[in-house]
Amino acid sequence: MARSDQGRPATFALSRLAAAVGGEVLGDGKVQVRNLRTLEHAAEDDLSFFSQAAYRVQAEVSAAAALLVPPSMVELAGEGRQRPLLVVEDPSLALVELIPLFHPPPPPPRGIHGTAVVGKDCAIDDSAYLGPYVVVGDGCRIAAGAALHAHVVLGNACRVGVGSVIHPHAVLYDGTRLGDAVIVHSGAILGADGFGYATHQGKHLKVPQVGRTVIEDEVEIGANSTIDRALLEETHIGQGSKIDNLVQVGHNVTLGRGCILCGQAGIAGSTQLDDYVVLGGQAGAGGHITLGRGVQVAAKSAVLQSVAEGLRVGGIPAIDLKDWRRQAMMMPRLGEMARRLRSLETKLASLAKNAGDDD
Amino acid sequence: MARSDQGRPATFALSRLAAAVGGEVLGDGKVQVRNLRTLEHAAEDDLSFFSQAAYRVQAEVSAAAALLVPPSMVELAGEGRQRPLLVVEDPSLALVELIPLFHPPPPPPRGIHGTAVVGKDCAIDDSAYLGPYVVVGDGCRIAAGAALHAHVVLGNACRVGVGSVIHPHAVLYDGTRLGDAVIVHSGAILGADGFGYATHQGKHLKVPQVGRTVIEDEVEIGANSTIDRALLEETHIGQGSKIDNLVQVGHNVTLGRGCILCGQAGIAGSTQLDDYVVLGGQAGAGGHITLGRGVQVAAKSAVLQSVAEGLRVGGIPAIDLKDWRRQAMMMPRLGEMARRLRSLETKLASLAKNAGDDD
Amino acid sequence: MARSDQGRPATFALSRLAAAVGGEVLGDGKVQVRNLRTLEHAAEDDLSFFSQAAYRVQAEVSAAAALLVPPSMVELAGEGRQRPLLVVEDPSLALVELIPLFHPPPPPPRGIHGTAVVGKDCAIDDSAYLGPYVVVGDGCRIAAGAALHAHVVLGNACRVGVGSVIHPHAVLYDGTRLGDAVIVHSGAILGADGFGYATHQGKHLKVPQVGRTVIEDEVEIGANSTIDRALLEETHIGQGSKIDNLVQVGHNVTLGRGCILCGQAGIAGSTQLDDYVVLGGQAGAGGHITLGRGVQVAAKSAVLQSVAEGLRVGGIPAIDLKDWRRQAMMMPRLGEMARRLRSLETKLASLAKNAGDDD
């Protein structure tokens, strides 16, 4: 997580950056930039970026020496004043390449801190890192380049794949498995018991949860999120899925590849998400349903029934997104509709009376 | 949390399992099963379970040697092929008994790890367990068979009852009391300050929170849930209540017995839940209200007023559940209603004009 | 967090308490009170408080020796029986002064526990406290009177201001800065990576998050809340803002002074809150919007567009609060409206037919 400014050139020529990201320079490619900053914070020797028309004024008044823009913003970016532009198809993608140039990541930590407590029969690669006060249970396997930062706790029989990083205070209960290049942020709890009880004579009896939680390669899990173990088999997070902070994933849930769960979203037990499903912030999915490939659920919505591939839904309960938006626009007109209804009734009654038809 | 397969027979006769759960075998009771698995994962020598008609196809194609079913599923379960059935009134209840047969729980840990830091004047039973890096404040009492796993922190004057289990990284602030057989999952925070301020001249002044959090016997608290201490007295969770992950319980709240709070539910300050109240996932209850015995709040709903005993409510703000469902079905028809209203107005105006009545 | 009853007088004269809070006694100021309790729990020698008419019955039957009341409650408080009253403009404000009299806070802890692990080049004031198993990275500065309780983890280059308190198990990622008199509750995670990816050929590529999280003076952050670091600059929480439990603040968000975020509220990335904005419990704010000074968002609502200064909004998506309340009252009438619409259509058709006008 630390970033160091050491070991990088003091400045970069814009043309050099363009080459790094496969972009094109409009204007002077020899301009030197010192840092990458937001429009608001950029100084006269900084590069900034501008990709949404909504930030047009900020772009115009920004002191930045040059701007990273998509083709669609070239015109707007050039309006106020002449400034070299670095044009790329996808500025976000360019940032993935540019940020490490300006902020080289620190070398990965190595070694086992003297205070780490490691159980029996563990296989820990020599290039792995165990920070202060890490506790690892029996029978765990920790692969090359993996880093368990301070206070991480692993139960028994956990596996951590190559290059995976677990930030301070995350917990993996017994049997949890992480693939390669997984990132688990602080306070995330993987593999806690699913929420299952059998109610008998007024008592909620705990149904033992003896499955596990499995996280595939390249998954990232946000701070304080929770992914429960399955009742018997696996709660499964598919490759490359990204989970934000404070997200709850219930027992037996499966996520396909490339799913995105935004902050505070929640998924009830035994629900299945196919590949590339997106849940917006604070959205929820009920239990025992299926969301097809590419389904998108609007923020704050609640999906209570299965949704077919490719659909976008919103609302509580969630319906087709366009219908929901239309509905939301109708809502404020309800009072007016009620008044018009009343007025119609009065008029019709009067008309009927005049017509001698008092039915 | 660990489960071991050692020390159990390699297989169980179905009749032996039926005896264990008070069920009845339809078909060959001598069939031997090796494990208990889901319909999808069961191999040819496994027992599985089938209790919802929605999983009918999965049941039909499952390789399972036998199925645990409720009486209502006997017919469906027998359809595809002949297979012995273990029939019980409540399959969930049977799982409570069966799972430990297949996955015997490990013996409870004992002893105080050398790295545990214990304060003054504590009374810790000889059969209790304090894991690595546990920190216990002054004047705490920890009863027989209680287990504080790695990195658990107790403030001063806490009490942990007989056989209670606190998973890694949970925190009990000063004065928190747990009854017997309580389970607290990782990252749960009990007894943090309630959210109370007096705003004076533009400053939010902290109202000191000097009460505590009290958890009765047999309560389970999910990962990363938070239960604040009271202002002066007690935030109180009644016996046998079950709280899922990421749930927020505000200061001065009281829960009766057997309440169920699903994932990401929240309760604002000073609200009282009588016995057996259920909050669905992501549901919320406002402050200073009372939910009567057995009230059920639908997922994603917000109760803002007190609700009488036995009612089921839903919506934001929550109303009678049936009314809310009806309402939700009406919503998509709003656009059509508006069009019909406009059409009526036009027709009525035309009719009135023709009738020589231009009022 | 601990409170001690030692070192305070056994009882206080009501007149002495009135002097402490600038209030007025109605009745016998010489009455001695032993403790401050709620109406329900107060014994015959306790002071209690009564400030909402809804608690009138509880006030009447309370055994309390005296009541703290605002002017508006004097009449109600006097109804049932004669009891000395301590009248103050703002009882909550009086509690800020009174509670420490009855429950004197313990002296702040000092010193560095032998198990604390401190990195290179740190500056830790002699009057600061580092509890058991605290881990502090390189280059951190911890000011006078600051307290890092058990298991707190600081990354590199963090700063903690004068008198700030960090409760057990909170984590500050690299570069996080806390001002003076900040309180961070257990399990809060400050400075974890913002949620940002560039999707390319079916892969969500991580956009490195190299900014930081900055918390100004007198902020309080609840248990298990998460405040992400910025992409490049700062996620910024303004002076005196108060954040409840399980709140999510996305990257690049800025809060002004004195904002209040209630339990489980969430703010998506790059959104700006001006001073004194209030988000109710479980409310959400979308990304890249601005909420003007004093905006109030009702519990469970979702603001998806910028809101001008001083407005109160509610609903999903949020609209003017009064409009939303009106709307919510109309909703249950939808079914009835549909029936009346149908009835009008029938009547009009019949009338038109009778009028010989079958259009």
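Restricting attention to region A:50-61, does a residue exist that is closer than 27 Å to C:Thr254 by Cβ, within 27 Å of the chain's Cα centre (by Cα), aliphatic (A, V, I, L, M) and at pLDDT 95 or above?
Within region A:50-61, not a single residue is closer than 27 Å to C:Thr254 by Cβ, within 27 Å of the chain's Cα centre (by Cα), aliphatic (A, V, I, L, M) and at pLDDT 95 or above.
Restricting the search to region C:287-299, which residues are in a loop (DSSP other than H, G, I, E, B) and either of a type in the set (Ser, Thr, Tyr) or surrounded by 23 or more Cβ atoms within 10 Å (Cβ to Cβ) (or both)?
Matches in region C:287-299: C:Val295, C:Ala298, C:Ala299.
Provide a single number: the residues in region A:172-189 that are in a loop (DSSP other than H, G, I, E, B), crowded, with 24+ Cβ neighbours inside 10 Å and facing chain B (nearest Cβ under 7 Å).
2
Given the conditions (1) more than 14 Å from chain B (Cβ to nearest Cβ); (2) in contact with a Pro (Cβ under 7 Å, 6 or more places away or on another chain); (3) of a type in the set (Ser, Thr, Tyr), and given that A:Ser127 satisfies all but one, which numbered condition is not satisfied?
(2)
If the Cβ limit is 9 Å and pairs must be 6+ apart or interchain, which residue in region A:25-45 that is more than 16 Å from A:Gln82 (Cβ to Cβ) pairs with which residue that is basic (Lys, Arg) and surrounded by 15 or more Cβ atoms within 10 Å (Cβ to Cβ)?
A:Ala43/A:Arg34; A:Ala43/A:Arg37; A:Asp45/A:Arg34
Can you spot a residue in region C:243-252 that is surrounded by fewer than 24 Cβ atoms within 10 Å (Cβ to Cβ), modelled with pLDDT of 95 or more and in a strand (DSSP E or B)?
There is no residue in region C:243-252 that is surrounded by fewer than 24 Cβ atoms within 10 Å (Cβ to Cβ), modelled with pLDDT of 95 or more and in a strand (DSSP E or B).
When the residues of region B:242-261 are narrowed to those that are within 14 Å of the chain's Cα centre (by Cα) and more than 21 Å from A:Gly266 (Cα to Cα), which ends up nearest to the other protein chains (Cβ to nearest Cβ)?
B:Gly258
Being modelled with pLDDT of 95 or more, on the phi > 0 side of the Ramachandran plot and part of a loop (DSSP other than H, G, I, E, B): is that true of A:Ala192 here?
no
Can you tell me which residue among B:Gly163, B:Gly139 is among the small types (Gly, Ala, Ser), closer than 30 Å to B:Leu36 by Cα and out of contact with any strand residue (DSSP E or B) (no Cβ under 6 Å at 6 or more places or on another chain)?
Numbers: B:Gly139 fails: closer than 30 Å to B:Leu36 by Cα.
Exactly one residue qualifies, and that residue is B:Gly163.
What's the number of the only condition in (1) surrounded by fewer than 23 Cβ atoms within 10 Å (Cβ to Cβ); (2) in contact with a Lys or Arg (Cβ under 6 Å, 6 or more places away or on another chain); (3) in a loop (DSSP other than H, G, I, E, B) that A:Gln282 fails to meet?
So A:Gln282 meets the others, but not (1).
Which residue pairs have Cβ atoms under 8 Å apart, sit 6 or more places apart or on different chains, and have a first residue in region C:317-335 that is in contact (Cβ under 8 Å) with a residue 12 or more places away in the chain and a second that is among the hydroxyl-bearing types (Ser, Thr, Tyr)?
Filtered contacts from region C:317-335: C:Ala318/C:Ser301; C:Trp324/C:Ser301.
For residues that are facing chain C (nearest Cβ under 9 Å) and among the aliphatic types (A, V, I, L, M), scanning just region A:329-343, find the one that is farthest from the chain's Cα centre (by Cα).
Here the answer is A:Leu341.
How many residues does region C:88-105 hold that are at the interface with chain B (Cβ under 9 Å from one of its Cβ atoms) and either within 16 Å of B:Gly211 (Cβ to Cβ) or in contact with a His (Cβ under 8 Å, 6 or more places away or on another chain) (or both)?
Total meeting the criteria: 10.
Return the residues of region C:148-171 that are within 14 Å of chain B (Cβ to nearest Cβ) and surrounded by fewer than 24 Cβ atoms within 10 Å (Cβ to Cβ); say none if nothing qualifies.
Listed by number, the residues that qualify are C:Gly163, C:Val165.
Kindly indicate the residue of region C:306-340 that is touching a Lys or Arg at 6+ places or on another chain (Cβ under 6 Å) and among the aliphatic types (A, V, I, L, M) and also nearest to C:Asp274 (Cα to Cα) among those meeting that condition.
By that ranking, first place goes to C:Leu321.
Hey, among the residues in region B:200-224 that are closer than 26 Å to C:Val277 by Cα and more than 8 Å from chain C (Cβ to nearest Cβ), which one's surrounded by the most Cβ atoms within 10 Å (Cβ to Cβ)?
Only one residue tops the list, namely B:Gln209.
Just the residues that are among the small types (Gly, Ala, Ser) and more than 11 Å from chain A (Cβ to nearest Cβ), please, taken from region C:130-147. Steps first, answer last, please.
Step one: of region C:130-147, the residues among the small types (Gly, Ala, Ser) are C:131, C:137, C:139, C:143-147.
Those that are among the small types (Gly, Ala, Ser) and more than 11 Å from chain A (Cβ to nearest Cβ): C:Gly131, C:Ala143, C:Ala144, C:Gly145, C:Ala146, C:Ala147.
Is one or more of the residues making up region C:249-263 among the aliphatic types (A, V, I, L, M) and under 28 Å from B:Leu334 (Cβ atoms)?
Looking through region C:249-263, none of the residues is among the aliphatic types (A, V, I, L, M) and under 28 Å from B:Leu334 (Cβ atoms).
So which residues in region C:114-164 are assigned to a loop (DSSP other than H, G, I, E, B) and of a type in the set (D, E, K, R), if there are any at all?
Within region C:114-164, C:Lys120, C:Asp121, C:Asp125, C:Asp126, C:Asp138 meet the criteria.
Within region B:203-240, track down each residue that is out of contact with any Gly (no Cβ under 6 Å at 6 or more places or on another chain) and not in a strand (DSSP E or B).
Residues satisfying the conditions are B:Pro208, B:Val210, B:Gly211, B:Val219, B:Gly222, B:Ser225, B:Gln239.
Any idea which of C:Leu101, C:Leu47 is modelled with pLDDT of 95 or more, out of contact with any Lys or Arg (no Cβ under 6 Å at 6 or more places or on another chain) and under 30 Å from C:Gly161 (Cβ atoms)?
Going through C:Leu101, C:Leu47 in turn, the sole match is C:Leu101.
When you go through (1) under 24 Å from the mean Cα position of the chain (by Cα); (2) crowded, with 19+ Cβ neighbours inside 10 Å one by one for A:Lys347, which number turns out not to apply?
Result: A:Lys347 passes all but (1).
Determine, yes or no, whether B:Gln239 is touching a Lys or Arg at 6+ places or on another chain (Cβ under 6 Å) and surrounded by 24 or more Cβ atoms within 10 Å (Cβ to Cβ).
It is false that B:Gln239 is touching a Lys or Arg at 6+ places or on another chain (Cβ under 6 Å) and surrounded by 24 or more Cβ atoms within 10 Å (Cβ to Cβ).
From B:Gly310, B:Gly269, grab the single residue that is surrounded by fewer than 19 Cβ atoms within 10 Å (Cβ to Cβ), more than 11 Å from chain A (Cβ to nearest Cβ) and not aromatic (Phe, Trp, Tyr).
After applying the criteria, what remains is B:Gly310.
Return only the number of the condition from (1) at positive phi; (2) part of a strand (DSSP E or B); (3) not acidic (Asp, Glu) that A:Val313 does not satisfy.
Answer for A:Val313: the failing condition is (1).
Test each condition in (1) modelled with pLDDT under 95; (2) outside any loop (DSSP other than H, G, I, E, B) for A:Pro108 and report the one that comes out false.
All conditions are met except number (2).
Consider B:Phe195 against the criteria (1) out of contact with any Gly (no Cβ under 9 Å at 6 or more places or on another chain); (2) surrounded by 24 or more Cβ atoms within 10 Å (Cβ to Cβ): it satisfies all of them except one. Which criterion is unmet?
If we test B:Phe195 against (1) out of contact with any Gly (no Cβ under 9 Å at 6 or more places or on another chain); (2) surrounded by 24 or more Cβ atoms within 10 Å (Cβ to Cβ), just (1) comes out false.
The values are calculated or read from the model by the stated rules, or taken from the named source; none is laboratory data. Everything numeric here is computed off the predicted structure, so don't read it as measured data. So basically every Cβ, Gly included, is an ideal-geometry build from the backbone, and we count neighbours across all protein chains shown.
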